[in-house]
Each structure stands twice: as structure tokens, then as C-alpha cells.
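Have a look at the structure below before the remarks.
The values are calculated or read from the model by the stated rules, or taken from the named source; none is laboratory data. No experiment lies behind these values; they were computed from the predicted model shown. Here the Cβ is made from the backbone with ideal geometry for all residues, glycine too, and neighbour counts use every protein chain on show. Accessible surface areas use protein heavy atoms only, side chains included; no ligands, DNA or RNA. Shrake-Rupley method; radii C 1.70, N 1.55, O 1.52, S 1.80 Å.
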Amino acid sequence: MDIVYVVSVVVVLVGMLAVLKRVISGPTLLDRLLGVNVIGTKTIVLLALIGFLADRPGFFLDIALAYALINFIATIAVLRHFEARFRGRASAVTEEEPS
Amino acid sequence: MSALEIVGTVFIALGGFVMFMGAVGVVRFPDFYTRLHAAGKGDTLGQALVLLGLIVITGVSNDGLKLVLIAFFIFILNSTSTHALARAAWLAGLKPWTPADSATPQFEGQMSEVDRRDAFMPLLAGEDKAALEASTTGIDVDLDGKVEDDA
């Protein structure tokens with residue numbers, strides 16, 4: 001049964017690495033935000049699988065539940081912060097502002 | 001392996017496949033809206049299948065209840081954040097991709113240099129934006145009328 005969890009963990013990790021390429025080289029700022037959101041969702045599944053792999057699912061599932069809510073709040077917060085600045089100005093999405 | 005474990009394994013494998021295909025779509029699709037499509041649908045369905053497989057293996061218990069809660073929350077929250085991302089992109093004026101924008105000359109013969117450049121720069125210049133706004137006057141994109149321009 002462990003081999004199922006190990007293979008699933010590896011598949012999810014490869015998917016996260018692929019999406020990380022989009023986060024690093026995304027042409028627009030929204031692409032990066034989308035990639036971060038996808039990686040967060042994959043992290044939740046990864047936490048659940050690692051919990052069953054380590055035979056302590058309850059502990060890891062609590063973390064996964066909290067992480068799901070925090071991931072959503074982070075995405076919405078960043079979007080609310082940038083939305084007024086984005087509105088009607090597509091150039092603001094692409095031009096990386098010096099931070 | 002019991003029968004339930006076999007069923008759960010099938011669900012986990014299906015979910016892993018769907019999630020991986022969603023990741024491939026995020027990397028390879030041509031513009032932001034198509035990537036959003038791959039990410040939103042692939043990830044939501046994939047995590048639901050993986051967690052459903054774990055639920056089948058676990059059975060009725062505390063952990064099963066937590067898995068149900070996680071799958072339920074992600075179903076709502078992922079859809080909401082996908083909608084918010086698409087709305088932000090549309091309000092910013094990001095132009096949706098069309099086959100005419102494709103940089104690969106397999107749709108209608110060879111592309112001109114201007115088309116090729118526009119395919120790699122999917123954002124609107126001034127006149128294109130005015131044309132898009134004129135063509136979408138039926139849609140009220142200005143939701144509250146308060147446009148803050150700090151330029």
C-alpha cells in the first residue's frame with residue numbers, strides 16, 4: 001500500500017516543479033499568482049498523502065485543512081490589493097514593478 | 001489488498017493523472033485564460049479524486065471526516081479564486097487568445113511579423129483596447145464606477 005502513496009507523492013511533486021516554471025517565467029503577474037495558487041492546492045494533496053504515508057493522517061490532515069483556508073485567503077488578499085491598480089491598465093500587469 | 005483498497009488506489013491514480021495533466025496545461029497553454037482553465041478544472045477535479053480515494057481507504061472515521069471537509073472546502077475555494085483571477089485579468093484588459101494569434105504557422109499558412117509579435121505580447125495597445133471596449137459595450141465591466149488611476 002505504501003508504494004501507491006509514494007508514487008502519488010512523486011507525481012504531485014513533479015507537477016509542482018512544472019508549475020514552478022510558470023511562476024518563475026510567467027509573462028504576466030497574474031500568471032505567477034495563478035501558479036502560486038495551483039502549487040498551494042497541490043501542497044494540500046501532498047500533505048494528505050504524506051500523512052497516510054507516515055501513518056499519522058490525523059495530524060497532517062489538520063495542517064492540510066488550515067493550509068487550504070490560508071491559501072485561499074492569501075490569493076484573495078493579493079488580488080484585492082492589486083485590483084484597483086490593475087483596472088483598465090494591462091501594462092501594469094506585465095511591467096514588473098521594482099520591489 | 002482488500003477490495004476497498006483497490007478501489008481507493010484506482011481513484012488516487014486517476015486523481016494524480018488529472019492533476020499532472022492540469023500542471024502540463026498550466027505550463028504549455030498559450031495565454032492566461034487558457035492556463036486558468038487548465039489550472040481551475042484540472043486541480044479541482046484531481047484533488048477531489050485523490051481525496052476520495054483516501055476516503056474510500058480510510059472508511060468512516062475522524063480522518064475520513066477531515067478528508068471530506070478538505071475536499072468540500074477546496075471545491076468552493078478553488079472555484080472562487082479562479083473566478084477572482086479571471087475577473088482581475090478581464091478588468092485589467094488582458095486580451096483573450098484566439099487561433100489567429102497563434103505563433104505556430106499551422107492554422108492559416110505563414111503568419112506575418114506583426115501577428116507573430118502580437119502572439120507573444122498578448123496585451124492590448126491603445127487602439128486595440130479602444131476597439132475591444134467598443135466591441136464589448138453590452139458588457140458592464142465597470143462594476144462600481146470607481147476607477148483608481150494612480151499613474
Notebook entry, point to check: Does B:L49 satisfy the condition of being at the interface with chain A (Cβ under 9 Å from one of its Cβ atoms), open to solvent by less than 60 Å² (accessible area, probe 1.4 Å) and either farther than 17 Å from A:A68 by Cβ or in a helix (DSSP H, G or I) (or both)?
Noted result: no
Notebook entry, point to check: Somewhere in the range B:24-39, is a residue within 20 Å of A:I63 (Cα to Cα) and either facing another protein chain (nearest Cβ under 7 Å) or in a helix (DSSP H, G or I) (or both)?
Noted result: no
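Taking B:L69 as the residue in question, decide whether it is part of a helix (DSSP H, G or I) and touching an Asp or Glu at 6+ places or on another chain (Cβ under 9 Å).
No, not satisfied.
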Note to self: For the range A:11-33, give me each residue that is part of a helix (DSSP H, G or I), facing chain B (nearest Cβ under 9 Å) and not small (G, A, S).
What the structure shows: A:V11, A:V12, A:V14, A:M16, A:L17, A:V19, A:K21, A:R22, A:L30, A:D31, A:L33
Check: Is at least one residue of the range B:88-99 in a loop (DSSP other than H, G, I, E, B) and in contact with a Lys or Arg (Cβ under 7 Å, 6 or more places away or on another chain)?
Finding: yes
Next item on the list: Answer yes or no: is there a residue in the range A:39-49 that is assigned to a helix (DSSP H, G or I), closer than 21 Å to A:V7 by Cα and of a type in the set (S, T, Y).
Entry: yes
Next item on the list: Could you tell me whether A:V36 is modelled with pLDDT under 85, of a type in the set (A, V, I, L, M, F, W, C) and farther than 16 Å from B:G16 by Cβ?
Entry: no
